[in-house]
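Okay, so here's the structure we're looking at.
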Amino acid sequence: MMIIMKANATPQEVEAVIAQIKSMGLAVHLSQGVEATIIGAIGETHSIPTERFEGLDGVDIVQRITQPYKLASRQFHPDDSIISLDGFNVGGNQIAVIAGPCSVESRSQIIETAIAVKEAGASALRGGVFKPRTSPYSFQGLGEEGLELLAEAREKTGLPIVVEIMSQVQVDVMVKYVDVLQVGARNMQNFNLLRAIGETRTAVLLKRGLSATIEELLMSAEYILAGGNQRVMLCERGIRTFETSTRNTTDINAIPVLKNLTHLPVILDPSHSTGHADYVAAIARAGIAAGADGLIIEVHPDPAKAVSDGKQSLKPEKFAELVKQVGQIAQIMGRGLASVQGEYSPLKQGWA
Amino acid sequence: MMIIMHPGAPREQIDAVIAEIEKHKLSSHPIFGVEQTIIGAVGDGHYVAKEIFEALPGVLSVQRISQPYKLASRQFHEQDSVFQLDGFTVGGTEVPIIAGPCSVESREQILEIAQAVKEAGANALRGGVFKPRTSPYAFQGLGEEGLEYMAEAREKTGLPIVVEVMAVSQIAMMEKYVDVFQLGARNMQNFNLLRAIGETRTPVLFKRGMSATIEEMLMASEYIISGGNTRVMLCERGIRTFETATRNTTDINAIPVLKKLTHLPVIIDPSHSTGDSAYVSAIAKAGVAAGADGVIVEVHNDPAHAISDGKQSLTPEAFARMVKQVKAVAEAVDRRLVPQHVTA
C-alpha cells in the first residue's frame, strides 16, 4: 500500500502513519520527495482496508498496489481452477453450455425444454424457482415445487441443474436438489448470503452485479472462497451503461481481464447482457472467441408466452444453431463443447 | 411518432396537436383512452423534430416509433453497403485489417511499421498526424510533414492510408494525401466537420463518441451521408462506463445492433476499447465473431518508447499472431481475410 502525504504534512503526521503501519506488522518504506512524502506499507496488505490510513491527519491519498482479494487471484493460484460437475469439467478445455428457461413455469414446460436443450447440445439445465423480479407484483417463482420438477428433468436428461438462490434461508432446501447454486446479479453483494454459500460445498455460479466493477466481483467471490467453498464460477451478464438500445452492455473486456486476474472459470450470459434474442448468438460467439469458459443461455419452447424474459429467450431451434456456431469458434480456440466432445451427435447421447 | 397527452388534457389541446401534425404533412391517429389520449403521427416523420410536439401545451411525452435517421438505416437501404478501397472491399465477405501507430513520429518509424504490418497481413495503414490529445502539452502530431511520410509509406507498401482529420480547415490539404479520413471519437458530434466531410468523396472511418449512444452515432453519420458522401464505415472503439479495469468498455453489443440497424460496414477498434495490449487480440477475435466487418489496431515497433498510446500498442510480432487468430475466427463465421497481394 502507498500512502501519499499532503504537501504540507508535518513530521509528526508522517511519524503517526509510520507508527500505524508498524502496529499492523508491516514494513515501512519512506521516500521523501521535493513536494510530497510517500510511505510504502509492505507485507500482507490484502486484508487491511485503505480506510485505516485515509482517516489519519496529513494523508492525501492511499493507493493499493496489490489486489485486495487473495484466494481468487491468479497470483495465489496460477493454474486455472477446474470445477467438475456431473459428467463434465468447467474451466479446462471443455466449454460448458448451460441452457433453460428464465423461470420454471410448469412440469411440461421444464421437461420439454430440458429435453430440447439436451438434444441441441446443452451440458446443463438452468431454471429459476425463486425469482428476483423488479416488480413485487410479477410472478415470483414456483419455490420448492419447481425444484422437484427440475430434479425430475435432471433424471430424465442427465443434465446437472443450475438454480438461483435468493436468500440464506433457502440454502438447506436448495443444496438437497441443485448441482450449482446461482447467485444473481442483485445479490452479488448480499454478504450474508455469500458467507452462507461459502459454508456449503455446492458449486456456485456468481453473477456480476449490474453496476459492479470487476474488482468488486472478485471481492464477492473471495467471500465464498474464504468460507472453504472453492467451486466458484464467475459470470459476466452485462453492466448498466448509458446505452439504451440493449438491456445491458456486455462488458466483453471483462472476459480476458478476469482470465488474467483470476483462476476461476468465466461464463458469459449473452441473454441478459443483450436482453434481445436477435443478438444472443453473436455475443455468445464473441464470448467464446474472447476466452470464456462457458455460456448460460435462456431457452424457452414458446418465448411469446414465457412468464419472464420472453424477449431474450431463444427457441430450441435457434439455440441449436447457436450451439453449432459456438462449437466452431470453440474448435479454433483449441477447445470443445462439454459432453459432446468432438463432433456433436444427439443420438450418441442416448437421453431418451 | 406517438404523442401522449396529460391525463385530462382538454379537447382544444388535443386539436392543437392534431393541427401541428397535419402541418408537417403527417396524418394523425388519436386514440381516446379512459385516462389519457394518445395521438399517432403517421408518415415520413424522420425529419420532424419531436421537440416541436414536446413544447405544445397538454403534451406529456413524445415517443419516436420510426428511426430519426434515414439514409443510414437498413430500412432505407436493405443490402449491406460494400465499397472498394485500394486492394480490397469493406462490408462484404472480406474482413480488412487496418494497422499502424497512433502517431506518425518520424519517417523511419512510419516506414518501418508500414513494412512490418504489411508483412504481418495488414490491408491498410493508420497513423495520426493531427492528434487530439487530452493534454494541450502532449505531442500534437507532425502535421503535413507526417502526411508526406504516410504517402511515402503507401508508395513503398501499396497500403492505403487512414488518417484522422480534426478540423474543417485541414480537409482540402488532407484530401490530396489520404485514402480514408478518420473522424475521431471526440469529433463525432462536431457537426461542421461532419458536413464538410460530407461534401468530399473520400471514404470515412467514423468513430463512436465516448459517451454517444448507437442512435446518436447513426444520426451523426447521417450528416455525412446526406452531404452525398456515402462511403462511411462505423467504428466501435469502446464507451465510458464505471469500470476502471480497462481504458474503455468495448460495447460488443453494438456490433450486432449496428448490423441490424444500418447497412454501413462496422469496424472494431480493440486497441482503444481496451487500452491494454494484453487484451487486444481477445477483443479483436470477439469483434469478428460478433460480426464486425473489419479491425483497426495500433501497432508500434517499440511500444515502450511510443510518443502516444504505447500501452495499448502491439509489437509487429504480437500483431502477426493476432492476424492469424482473427483469420481463423473469420473463417469460422464464413468470412475471410483479404488475400495478400504482391507489393508494388
Arranged by the count of other C-beta atoms within 10 angstrom, fewest first, what order do B:Asp334, B:Asp269 take? B:Asp334, B:Asp269
Can you work out the PRE-style zone for A:Asp172? Point 7 Å along Cα to Cβ, and I want the residues of segment A:128-166 with backbone N under 16 Å. A:144
Here, B:Thr315 and B:Phe139, labelled 7 Å along Cα→Cβ, have an inter-label distance in nm of 1.9
Among beta bridges that DSSP assigns inside segment B:83-337, antiparallel share in %, nearest 5: 15
What distance in nm lies between label points placed 7 Å from Cα along the C-beta direction at A:Gln230 and A:Arg52? 2.8
Number of partner chain Cβ atoms within 10 Å, mean per residue of A:203-216: 1
What is chain A's relative contact order, in percent, from Cα pairs under 8 angstrom and six or more apart in sequence? 17
If I model a spin label as a point 7 Å beyond the Cα along the Cα-Cβ vector, how far apart are those points for B:Ser61 and A:Leu30 in nm? 6.1
I'd like the chymotrypsin sites (Phe, Trp or Tyr not before Pro) in segment B:198-265 restricted to DSSP loop residues with at most 12 other Cβ atoms within 10 Å, sorted by number. B:Phe242
Taking the highest mean first, how do the peptides A:156-166, A:7-17, B:62-72, A:246-256 order by number of other beta carbon atoms within 10 angstrom per residue? A:246-256, A:156-166, B:62-72, A:7-17
Sort B:His263, A:His29, B:His6 so the one with the fewest other Cβ atoms within 10 Å of its own Cβ comes first. A:His29, B:His6, B:His263
Which whole-number percentage describes the relative contact order of segment A:203-352, with Cα contacts under 8 Å and a sequence gap of 6 or more? 16
I need the per residue convex hull volume for segment B:83-337, using only the alpha carbons, in cubic angstrom as a whole number. 112
Just report the Cα centroid separation between segment A:98-153 and segment B:291-328, whole Å. 44
Rounded to the nearest 0.05, FRET efficiency between A:Glu15 and B:Ile52 (Cβ-Cβ, R0 60 Å) equals 0.30
Would you order B:Phe319, A:Phe76, B:Phe32, A:Phe130 from fewest to most other beta-carbon atoms within 10 Å of each residue's own beta-carbon? B:Phe32, A:Phe76, A:Phe130, B:Phe319
Relative contact order [Cα under 8 Å, 6+ residues apart], chain B, whole percent: 16
For a 27 Å ceiling on Cα separation, which of these pairs sit above it: A:Lys318/B:Lys259; B:Lys176/B:Lys285; A:Lys259/B:Lys131? B:Lys176/B:Lys285; A:Lys259/B:Lys131
Gyration tensor verdict on the protein assembly as shown (Cα atoms; rounded if a/c is under 1.5, prolate if a/b is larger than b/c, oblate otherwise): rounded
Do any GluC sites (Glu not before Pro) in segment B:44-88 lie in a DSSP loop with no more than 14 other beta carbon atoms within 10 Å, and if so, which? B:Glu78
Residue (of A:Ile4, A:Gly43, A:Ile65) at the positive-pole extreme of segment A:1-88, dipole from beta-carbon charges: A:Gly43
What does a probe at A:Asn260 reach in segment B:285-320, counting residues whose amide N is under 13 Å from the point 7 Å along Cα→Cβ? B:311-314
What whole-number distance in Å separates the alpha-carbon centres of segment A:158-184 and segment B:113-156? 55
Provide a whole-number value for the mean count of partner chain Cβ atoms within 10 Å of the Cβ atoms in peptide A:266-273. 1
Which translational diffusion coefficient, to the nearest whole µm²/s, is obtained for segment B:2-63 from the Stokes-Einstein equation, given a Kirkwood hydrodynamic radius over C-alpha pairs, 20 °C and 1.002 mPa s? 189
Antiparallel DSSP beta bridges within the protein assembly as shown, percent to nearest 5: 40
When the dipole is taken about the Cα centre of the protein assembly as shown, and only Lys, Arg (+1) and Asp, Glu (-1) are charged at their Cβ, what size is it in debye, to the nearest 20? 720
Summarise the partner chain shielding of B:237-244 as one whole number: the mean count of Cβ atoms from other chains within 10 Å of each residue's Cβ. 5
In deg cm²/dmol and to the nearest 500, what is the mean residue ellipticity at 222 nm of the protein assembly as shown if only DSSP H runs of at least 4 residues count, each as -39500 (n - 2.57), divided by the residue total? -10000 deg cm²/dmol
Based on the Kirkwood radius over alpha-carbon pairs, what is the Stokes-Einstein translational diffusion coefficient of segment B:196-239 at 37 °C with 0.692 mPa s viscosity, in µm²/s? 312
Which whole-number value in Å³ per residue fits the convex hull of the alpha carbons of segment B:144-270? 118
If you average the C-alpha positions of segment A:12-74 and of segment B:221-237 separately, how far apart do those two centres end up, in angstrom? 51
Where does chain A land on Rg/Rh, using Cα atoms and the Kirkwood Rh? 1.06
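Quick note: the coordinates plus some simple rules give every number you see, no bench work behind them. Computed from a predicted model, the values in this text were never measured in an experiment. Please note: Cβ atoms are built from the backbone with ideal geometry, for glycine as well, and neighbour counts cover all protein chains shown.
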